[in-house]
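The values are calculated or read from the model by the stated rules, or taken from the named source; none is laboratory data. All values derive from a computational prediction rather than experimental measurement. Cβ: placed from backbone, ideal geometry, glycine included. Neighbour counts: every protein chain shown. With ligands, DNA and RNA removed, areas are computed over all heavy atoms of the protein, side chains included. Shrake-Rupley method; radii C 1.70, N 1.55, O 1.52, S 1.80 Å.
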Amino acid sequence: MKIKYKDIIQIIIISLVLSLCRYFFLDDYPLFKESKLKEVGEFSSESDSLLTFINNLKSPTLVDLKTAKLLYDKNFVTFIDARDNESFSEQHILSSINLPYELIEEIVSDYDLEYMIQLKDDFTQKIDINGHIFYIGMLNEDFYLSQSMSKINNKSFTNKNFIIYCSGHGCSLSEDLGFYLHSLGIKKILIYEGGMPEWLDNGFPLNND
Amino acid sequence: MINFFKNINFLFISRLLLGFIFIYASIDKILDPLSFSNLIDNYHVTPVFLNNLFALFVPMLELVIGICLIFNLNINGASFISIALLLWFLFILSQALVRGINVDCGCFDLNSGSLDDTELRKNMIERIFEDIVLLGISLYININSKNN
């Protein structure tokens, strides 16, 4: 193999100059990226610390498998599957709700959810995604998501805290959905990055339809 | 047979093919570096804070070596960088596959839509084979190109 360093350096310098030119035409593009997601440390299994953690959430925050499972076992959060309806129908975390990221803008505009959430008045809306039915609503200025109306009416703590997952580490749907919901004003959002593959590998509860 | 592969026309076609592939691969990424940066995040190989820089620089490098390959400029350097880039792509794709990370490749277009995991995995395997073929072509160009 032949290596001509002069050629290589020339190409790299030209590419760098062009990259710099491109950069000046970009809006809102920081050269050094900050991770939007907050990393989370380990938790003890004490309910109090978990509850405090959830109550103090301000922006979408990353959780690991251990924390996700703990929250699942304690029934502190509602699991949201951000994948498409077909993948959800094949397999999903038991009791999770399917809110596909690809449909979220459509759902929000169809039901005027952005306005309803900002209005902060109580409302409940039934959503049907290819036969998968769930309810979205506001109650006492809290945003709710639930598989049944009764849970919303009971002001269940579980249904106003959310943990979003998708197809694991290579999938960005959960993060995208998390930040989209956050932009609507929903604060209590966790992102479980390990998602379906990790949950499956550990033999945790699943629904196979 | 050896003479056929050393034939200048075959070299010309290889340069043209590789050059156009690199230019085609760079366009989407140059137009939307932010989406490309987010795709790089998903590979979990490079530090997140550097990914915006990579997303800006790598597509430009692809464009420049694509042009060099087509117009026979700095051909030795262009083919060498192409080898290095393809080895890097092969490494990140293979490690993602081994770690079970089903990632939207981002090799040519940035939006594979809503592919399910099996399709993503199939895509990644196809891209690995493509990269191996392109690596072979790059090596062929590098070895047979005359210094200019």
Under-5 Å amide H pairs with A:Phe79, H placed in peptide plane, nonlocal only:
A:Ile97, A:Ile163
For the protein assembly as shown, cysteines whose Cβ has no other cysteine Cβ within reach (under 4.7 Å)
A:Cys21, B:Cys68
In chain B, once you exclude exposed trypsin sites (Lys or Arg not before Pro) (DSSP loop, at most 16 other Cβ within 10 angstrom), what's the longest stretch remaining?
B:1-98
Give the residue from B:Cys68, A:Leu145, A:Gly168 lying farthest towards the positive end of the charge dipole for the protein assembly as shown; charges sit on Cβ (+1 for Lys and Arg, -1 for Asp and Glu) and the dipole is referred to the Cα centre.
B:Cys68
Can you tell which of B:Cys105, B:Val133, B:Leu90 lies farthest toward the positive end of the dipole of the range B:2-144, using +1 and -1 charges on the Cβ of basic and acidic side chains (Lys, Arg; Asp, Glu)?
B:Val133
Suppose only helical runs count, i.e. DSSP H with n ≥ 4. What mean residue ellipticity at 222 nm does that imply for chain B under -39500 (n - 2.57) per run, divided by all residues and rounded to the nearest 500 deg cm²/dmol?
-26000 deg cm²/dmol
Which of A:Lys58/B:Lys29; A:Lys33/A:Lys58; A:Lys33/A:Lys69; B:Lys29/B:Lys122; A:Lys74/A:Lys126 have a Cα-Cα distance over 28 Å?
A:Lys58/B:Lys29; A:Lys33/A:Lys69
Quick one: grab the alpha carbon gyration tensor of chain A, order the square roots of its eigenvalues as a ≥ b ≥ c, and give me rounded if a/c is under 1.5, else prolate or oblate depending on whether a/b is larger than b/c.
prolate
Rounded to the nearest 5, what % of the DSSP beta bridges within the protein assembly as shown are antiparallel ones?
50
State the answer as a single residue: which of B:Pro33, A:His132, A:Thr67 lies farthest towards the positive end of the charge dipole of the protein assembly as shown, with beta carbon charges of +1 for Lys and Arg and -1 for Asp and Glu, about the Cα centre.
B:Pro33
Could you derive backbone 3J(HN,Hα) for the range A:186-195 from the dihedral phi with the Karplus parameters 6.51, -1.76 and 1.60 (θ = phi - 60°), listing whole Hz in sequence and x where the residue is Gly or Pro?
8, 9, 7, 10, 10, 10, 9, 6, x, x
Measure off, as a whole percent, the carbon and sulfur share of the 1.4 Å-probe accessible area of the protein assembly as shown, all protein chains present.
58
Candidate aspartates and glutamates - alpha carbon under 15 Å from A:Lys160, same-chain residues fewer than 8 apart omitted:
A:Asp122, A:Glu141, A:Asp142
Work out the length of the dipole vector of chain B about its Cα centre, built from +1 on the beta-carbon of each Lys and Arg and -1 on the beta-carbon of each Asp and Glu, and round it to the nearest 20 debye.
660
Percent of beta bridges antiparallel (DSSP, chain A, rounded to nearest 5)
50
In peptide B:97-108, what is the residue-averaged number of other protein chain Cβ atoms found within 10 Å of each Cβ?
3
0 to 90° range, to nearest 10: angle between helix B:8-31 axis and chain B longest Cα axis
30
Provide the buried accessible surface between chains A and B in square angstrom, both chains summed, 1.4 Å probe, rounded to the nearest 100.
3300
What do you get for the angle between helix B:75-98 and the principal long axis of chain B? Use alpha-carbon atoms, 0 to 90 degrees, nearest ten.
30
Do any residues of the range A:1-26 lose at least 50 Å² of accessible area when the full set of protein chains is present rather than just their chain alone, and if so which, with a 1.4 Å probe?
A:Met1, A:Lys2, A:Lys4, A:Asp7, A:Ile8, A:Ile11, A:Ser15, A:Ser19, A:Arg22
Suppose all protein chains stay in the model; what accessible area per residue would a 1.4 Å probe give for chain B, in Å²?
48
Mind listing the phi-derived Karplus ³J(HN,Hα) values for the range B:50-62, rounded to whole Hz, using 6.51, -1.76 and 1.60 with θ = phi - 60°, and x for any glycine or proline?
8, 5, 5, 5, 4, 5, 8, 7, 4, x, 5, 4, 4
Using Cα pairs closer than 8 Å and at least 6 residues apart in sequence, work out the relative contact order for the range A:47-207, in percent.
31
